[in-house]
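Have a look at the structure below before the remarks.
The values are calculated or read from the model by the stated rules, or taken from the named source; none is laboratory data. Quick caveat: nothing in here was measured; it's all calculated off a predicted structure. As a convention, Cβ positions derive from the backbone with ideal geometry for all residues, glycine included, and neighbour counts pool all protein chains shown. Surface areas here come from the heavy atoms of the whole protein model, side chains and all, with no ligands, DNA or RNA. Shrake-Rupley method; radii C 1.70, N 1.55, O 1.52, S 1.80 Å.
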Amino acid sequence: MSALAQVLEQINIDEVVELTRALVRIPSVYRPGDPTGTESRVAGFVEAWLRDEGFAVEVQEAAPGRPNVIGSIGEKTPGTRSLLLEGHTDVVTEGEPGEWSWPPFGAELVNGRIYGRGAADMKGGLAAAMVAAAAFRRAGVLPRGKLVVGALVDEEGGMLGVRHLVRTAVGRELDAAIICEPEQNELCLEQRGVVWARFIVRGRMAHGAMPEAGINPIAALAVILDEAPALQKRLRKRCERSRHLRPPTVTPTIIQGPARGVGIPQSNVIPAAAEVTLDVRLTAGIDADGIRGELEQICAKAVAAFPGAKVEWEAVNPFRLATRVERSESLVKAMVRAVRAVTGRAPVYGGVPGSTDGTILRTELGIPIVTCGPGDRLIPHQVNEFVEIGELLSAARIYAASALNYLEA
Ligand SMILES: [Zn+2]
């Protein structure tokens, strides 16, 4: 029997399903200020599971009470590679439980689907990665190099987990990563980038009945809102078109006047400052300086329209630019062969509409990443989130075959 057949024989659908359900049943919504509202319980479960399966396990405290769990098989020796199967343990809020048809942390199995918060995003993908990697040890097939399973924290927030990982030894030696996010098992070689730009407009306080005595920051802020569609148009010209990604978008998401920390709102007071946040999504083709230039141009327009106003912008989060990996990368070739081998079909290519932990791995380490995992792309963060168990099984098989192809190459 081939090594691949031996490994695939060890991947059992019931196990992937039950592991996904066990992970979903451990709530892991991050709730600041609540010591029990972190990923630590589900991380502890993952750690124990990996240890039982004979993985070498490293627990990294990315933030207090927020541990990354890294399991690995094998060592990266000269001439071999290290491949990461990446997942995150945090989930977004379940929202109003009454809106769900099934309990959000019940992991009910109905008509071939597992329902619950995180079923698709992404405890299903994490479970598939864990079972895929464990199958190597069970089959007695040790891959060349190192196969790593990473269960990271805070993907849905500031990505503290992956930012921590890239500064550690196990992170720095990675050669490639498969990001197990819900993408219907498509091979996603591109991800849109995101920049959250907060504009702070400072004017001069005055009585609402005598606006000529002040400088109204809200009126100047309107210039920024007005410029958003023009910025979107310019970005669509500057950035590359992609078959798999929506073009750049510029979306106002927060408006505050008075700005935070600048007095209370009063109907007859022109506030001293106001602010607006633009959620800017990007495709490849523009760098950080290019974005900065565009945002500064908007500030200049607002100032030109309202002399005396002061307009600045700041990045709410570190920039996450768009990422792209070429089809000629050996990771991609390994995955294409894997998909053909386990599904009998050519892969479907796709694109990730937002950014993922993979964005940080790609930009900080410069390694190739491919996002591929079980679950409908549109289902994350909705009520009645689910994952199809057929996709779970395919994902685990694709991960195992990809790892074998990539590490043996
Ligand atoms: Zn996710």
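Helix content alone sets the calculated 222 nm mean residue ellipticity of the chain: runs of n ≥ 4 DSSP H residues at -39500 (n - 2.57) each, divided across all residues, give -10500 deg cm²/dmol. For the peptides 347-357, 31-41, 179-189, 222-232, the ranking by mean Cβ contacts within 10 Å, running from highest to lowest, is 179-189, 347-357, 222-232, 31-41. Within straight-line reach of K310, meaning a Cα separation under 30 Å, sit the following lysines at least 8 residues removed in sequence or on another chain: K233, K237, K301. Distance from the Cα centroid of region 31-75 to that of region 250-268 is 40 Å (rounded to whole angstrom).
Of the residues Y30, Y115, Y399, the one with the largest accessible area comes first in the ranking Y30, Y115, Y399, computed with a 1.4 Å probe on protein heavy atoms.
Would you list the membrane-span-like helices of the chain, meaning whole DSSP H runs whose alpha-carbon atoms span at least 27 Å along their axis and whose mean Kyte-Doolittle value is at least -1.0? Those that clear 27 Å and a mean of -1.0 are 217-238, 389-408. Annotation for region 304-379 versus region 116-149: alpha-carbon center distance of 21 Å. Rounded, prolate or oblate: which one fits region 342-409, using the alpha carbon gyration tensor with axes a ≥ b ≥ c (rounded when a/c is under 1.5, else prolate when a/b beats b/c, else oblate)? Since a/c reaches 1.5 but b/c is at least a/b, the shape of region 342-409 is classed as oblate. Put a plus charge on the Cβ of each Lys and Arg, a minus charge on the Cβ of each Asp and Glu, and nothing anywhere else: the dipole of region 130-258 about its Cα centre is then about 400 debye.
Return the lysines within reach of K333: Cα separation strictly under 28 angstrom, same-chain partners fewer than 8 residues apart disregarded; answer none if there are no such residues. Answer for K333, where 28 Å is the Cα cut-off: K76, K123, K146, listed by chain and number. Between R238 and T36, the simple label model (points 7 Å from Cα in the Cβ direction) yields a spacing of 4.9 nm. Debye-formula intensities of the chain, expressed as log10 I(q)/I(0) at q = 0.09, 0.11, 0.12, 0.14 Å⁻¹, are -0.59, -0.82, -0.94, -1.17 (one equal scatterer per alpha-carbon, no solvent). Only the Cβ atoms of Lys and Arg (+1) and of Asp and Glu (-1) were treated as charged; on that basis the dipole of the chain about its Cα centre amounts to roughly 1100 debye. GNM, the chain, Cα, under 10 Å: largest mean-square fluctuation among T359, T323, T80? Taking springs between Cα atoms under 10 Å, the residue moving most is T80. The eigenvalues of the Cα gyration tensor, multiplied by 5 and square-rooted, give region 281-373 an equivalent ellipsoid with semi-axes of 40, 12, 10 Å from largest to smallest. Normalising by the residue count of the chain, find the relative contact order in percent from Cα pairs under 8 Å and 6+ residues apart. Relative contact order of the chain: 24 percent. Dividing the Cα radius of gyration of region 223-306 by 2.2 N^0.38 Å, with N the residue count, gives 1.30.
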